[in-house]
Amino acid sequence: QVQLVESGGGLVQPGGSLRLSCARSGSIFSINAMGWYRQAPGKERELVAVISSGGTTNYADSVKGRFTISRGNAKNLVYLQMNSLKPEDTAVYYCNVAVVGGSFWGQGTQVTVSD
């Protein structure tokens, strides 16, 4: 059974940085893309960043120039480096792995940007 577990969230001051990781258990085959999504209270889940199997990356306009998505290794599949964090980045961040025929989601990690 595949499980994704996010880590690296927490409380950080505006302007600070965090690095999120997405670890897997179980085997995953035919990965098409890996991404990070977030959901703030009262808002819909939104795409933050995605990296394709070929390495192409795409970012939400709100995080361009501040966040970087990168592929990891067989255990930690994907990372999200978040710099120059703003209060509006506060949300639960979810890892997503898209495979042929479906996708897997983690349980989320809370990121809070506040003084």
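So S21 clears everything in (1) within 13 Å of V113 (Cβ to Cβ); (2) small (G, A, S); (3) in contact with a Ser or Thr (Cβ under 8 Å, 6 or more places away or on another chain) except one condition, right? Which one?
For S21, the failing item is (1).
Scan the range 23-47 and report the pairs whose first residue is more than 14 Å from G72 (Cα to Cα) and open to solvent by 60 Å² or more (accessible area, probe 1.4 Å) and whose second residue is in a loop (DSSP other than H, G, I, E, B) and among the hydroxyl-bearing types (S, T, Y), with Cβ atoms within less than 6 Å and a gap of 6+ or a chain change.
Hits for this filter: N32/S53.
Going by the conditions given, is E6 without any contact (Cβ under 8 Å) to a residue 40 or more places away in the chain and of a type in the set (D, E)?
The answer is no for E6.
If a residue must be open to solvent by 10 Å² or more (accessible area, probe 1.4 Å), within 19 Å of A60 (Cα to Cα) and either in a strand (DSSP E or B) or without any contact (Cβ under 8 Å) to a residue 24 or more places away in the chain (or both), how many such residues does the range 78-104 contain?
Counting residues in the range 78-104 that are open to solvent by 10 Å² or more (accessible area, probe 1.4 Å), within 19 Å of A60 (Cα to Cα) and either in a strand (DSSP E or B) or without any contact (Cβ under 8 Å) to a residue 24 or more places away in the chain (or both) gives 6.
Restricting to the range 48-73, name every residue that is part of a loop (DSSP other than H, G, I, E, B) and in contact (Cβ under 8 Å) with a residue 40 or more places away in the chain.
Within the range 48-73, just G72 meets the criteria.
The values are calculated or read from the model by the stated rules, or taken from the named source; none is laboratory data. All of these numbers come straight from a predicted model, not from anything done at the bench. Cβ atoms come from the backbone with ideal geometry, glycine included; neighbour counts cover every protein chain shown. Keep in mind that these areas ignore ligands, DNA and RNA; they rest on the heavy atoms of the full protein, side chains included. Shrake-Rupley method; radii C 1.70, N 1.55, O 1.52, S 1.80 Å.
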